[in-house]
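Scroll down for the structure; my scribbles are underneath it.
The values are calculated or read from the model by the stated rules, or taken from the named source; none is laboratory data. Since the model is a prediction, treat every value here as computed from it, not as a measurement. All Cβ positions, even for glycine, are placed from backbone atoms using ideal geometry, and neighbour counts span all protein chains on display. Just the protein is used for accessible areas: all its heavy atoms, side chains included, with ligands, DNA and RNA removed. Shrake-Rupley method; radii C 1.70, N 1.55, O 1.52, S 1.80 Å.
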Amino acid sequence: MPGARRQWRWALGWLALGVVLYLVCGYHAGFLRLNVAAAQAPDWLWQWLTLFGDERVAFALALLFSWRRPRLFWALVLAALLAILYARGLKPLVDAARPPAVFGADAFNLIGPGHTRHSFPSGHSVTAGVFFGVLAVHARAWGWVWLGCALLVGASRVALGVHWPIDVAFGLAGGGLAALLGSWLAARWPGGATRPLPHLLLVGVAALLAVSLLVDNGGYAAATWPLRLIAVAALCSVVVGYLPVWRRGEVNHEEVNHEGAKNAKR
């Protein structure tokens with residue numbers, strides 16, 4: 001994996017930053033300053049950025065390359081499962097209060113729904129760390145660009161007023177490490193990429209998540225149409241990539257992936 005070393009540095013860097021912030025400045029460190037500074041940008045920008053931390057969006061975007069890069073898609077699935085254990089395990093365990101539960105409405109800029117519980121870690125940051133982290137692990141030239149995208153998603157959670165910077169730091173760290181481990185597992189256990197049935201089942205689940213984007217904007221009205229465009233693009237990608245194969249009764253996993261192996265017959 002060409003970007004593994006870079007990914008290690010990225011994930012451990014965010015982990016170290018989160019620990020230092022907590023020990024030196026406390027859990028709420030930096031929130032008000034960053035939130036007020038981010039308010040200079042338009043609200044729609046942060047709503048658009050944060051949608052890339054939605055789990056449904058991550059899987060919808062993965063459909064754009066699931067046909068041609070099944071191994072990359074499989075790495076993302078494994079990394080996502082690890083990230084879910086991390087984020088959803090810690091959230092109820094820590095049960096930290098979010099900014100709307102700590103500050104009055106006039107003390108900071110809140111955009112969208114004002115969640116009050118389960119702040120640590122930032123789930124959107126974890127998702128962004130996983131999705132863009134998997135892309136970065138497998139990238140040779142665009143790795144830091146993908147990681148920069150993850151950072152923007154994390155920053156959006158502070159800008160929207162629903163997470164502390166420390167939540168974001170640990171979210172990016174956990175997502176980044178999950179991306180590494182998921183990619184490592186996928187390389188050693190490629191069944192989900194090379195076996196037709198598991199692959200198609202996972203594609204079906206991702207397609208259902210994409211469909212949900214057509215009717216649920218996650219509470220961010222400005223993101224409604226971008227979400228619908230992502231959903232339509234993802235579903236069209238599935239139709240274009242898989243429907244001809246189903247009609248021929250063939251399953252393609254290796255012909256068009258990055259190793260260039262040939263089409264497999266059922």
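What to note about this one:
- Given +1 at the Cβ of Lys and Arg, -1 at the Cβ of Asp and Glu and no other charges, the dipole of the stretch 85-171 around its Cα centre is 200 debye to the nearest 20.
- Only Cα pairs under 8 Å and 6+ residues apart enter the sum, and on that basis the relative contact order of the chain stands at 30 percent.
- For the residues H28, H124, a 1.4 Å probe over the protein chains yields an accessible-area ranking, largest first, of H28, H124.
- Sparsely packed trypsin sites (Lys or Arg not before Pro) within the stretch 37-115, loop by DSSP, other Cβ within 10 Å at most 15: R68
- In percent, rounded to a whole number, the relative contact order of the stretch 49-170 is 33, using alpha-carbon pairs under 8 Å and six or more apart.
- All-pairs alpha carbon distance profile, the stretch 51-97, 10 Å steps from 0, percent: 24, 43, 23, 9, 0
- Debye log10 I(q)/I(0) for the stretch 135-250, one point scatterer per Cα, at q = 0.17, 0.20 Å⁻¹: -1.21, -1.32
- Backbone N under 13 Å from the A187 label point (7 Å along Cα→Cβ), restricted to the stretch 64-83: 72, 75
- Under the simplified labelling scheme, the V205-D95 pair shows an inter-label distance of 2.9 nm, with each label point 7 Å from Cα along Cα→Cβ.
- Charge dipole (debye, nearest 20) of the chain; +1 at Cβ of Lys and Arg, -1 at Cβ of Asp and Glu: 820
- Here the stretch 174-220 is treated as a sphere whose radius is the Kirkwood value from Cα pairs; by Stokes-Einstein at 37 °C and 0.692 mPa s it diffuses with a coefficient of 256 µm²/s.
- Divided by 2.2 N^0.38 Å, where N counts the residues, the Cα radius of gyration of the stretch 40-180 comes to 1.04.
- Within the accessible surface of the chain, defined with a 1.4 Å probe on protein heavy atoms only, the carbon and sulfur portion equals 68 percent.
- Linear extension gain, C25 paired with D216, 0.36 nm per residue minus alpha-carbon span: 65.0 nm
- Sum of -39500 (n - 2.57) over DSSP H runs of 4+, divided by residues of the chain (222 nm, nearest 500): -21500 deg cm²/dmol
- Net lengthening on full extension, L12/R117 (0.36 nm per residue, minus Cα-Cα): 35.2 nm
- Accessible-area ranking of L214, L23, largest first, probe 1.4 Å: L23, L214
- Per residue, the chain exposes 48 Å² of solvent-accessible protein surface, assessed with a 1.4 angstrom probe and all protein chains in place.
- The angle separating the long axis of helix 196-212 from the principal Cα axis of greatest extent in the chain is about 40 degrees.
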